Amino acid sequence: LLTGVQGVGARVALAILSALEPGDLSRAIASQDKAMVARANGVGPKLAERIVRELKDKVGGIAIGGGASPVAAPVGAGADAVSALLNLGFRPAEASSAVAAAEEELGAGASLDALVRLALRKAAK
């Protein structure tokens with residue numbers, strides 16, 4: 001699908017797939033996140049916008065492999081902890097699973113700083 005977009009050849013498609021996991025790329029396209037797509041080498045803001053725009057309708061029907069069960073979206077301090085890990089450079093799936101593990105260990109009333117500390121330890125393992 002990537003090479004079907006004007007301006008995306010094999011080299012750029014491989015750069016995008018090297019920078020983003022297939023699930024992350026699918027979510028970026030579905031949410032119109034041009035900045036995430038533009039992180040790949042050789043992809044500028046205009047090309048990222050074209051990729052997101054042209055593939056939005058095509059990506060929705062494709063099942064991305066992996067077989068992992070989806071992680072529930074955290075709320076409250078958990079959502080803030082996930083955001084903190086994302087800003088530190090963790091991938092969305094890594095951040096979500098580390099925060100979920102930290103919330104499970106600490107309980108529902110855990111503070112944000114405790115969640116982030118434990119999630120960082122869990123993600124580092």
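The values are calculated or read from the model by the stated rules, or taken from the named source; none is laboratory data. Since we're looking at a predicted model, the values are computed, not measured. Don't worry about glycine lacking a Cβ; one is built from the backbone with ideal geometry, like all the others, and counts go over all protein chains shown. Keep in mind that these areas ignore ligands, DNA and RNA; they rest on the heavy atoms of the full protein, side chains included. Shrake-Rupley method; radii C 1.70, N 1.55, O 1.52, S 1.80 Å.
Brief remarks follow.
- Leu47 under 30 Å from Gly7 (Cα atoms), of a type outside the set (D, E, K, R) and either open to solvent by less than 30 Å² (accessible area, probe 1.4 Å) or modelled with pLDDT of 85 or more (or both): yes
- Being surrounded by 12 or more Cβ atoms within 10 Å (Cβ to Cβ), under 15 Å from the mean Cα position of the chain (by Cα) and over 19 Å from Glu21 (Cβ atoms) is a description that applies to Ala84.
- The stretch 93-124, subset within 17 Å of the chain's Cα centre (by Cα) and hydroxyl-bearing (Ser, Thr, Tyr), residue surrounded by the fewest Cβ atoms within 10 Å (Cβ to Cβ): Ser97
- Here the stretch 8-35 is the region considered, the condition is being of a type in the set (Ser, Thr, Tyr) and outside any loop (DSSP other than H, G, I, E, B), and the residue that is least open to solvent (accessible area, probe 1.4 Å) is Ser26.
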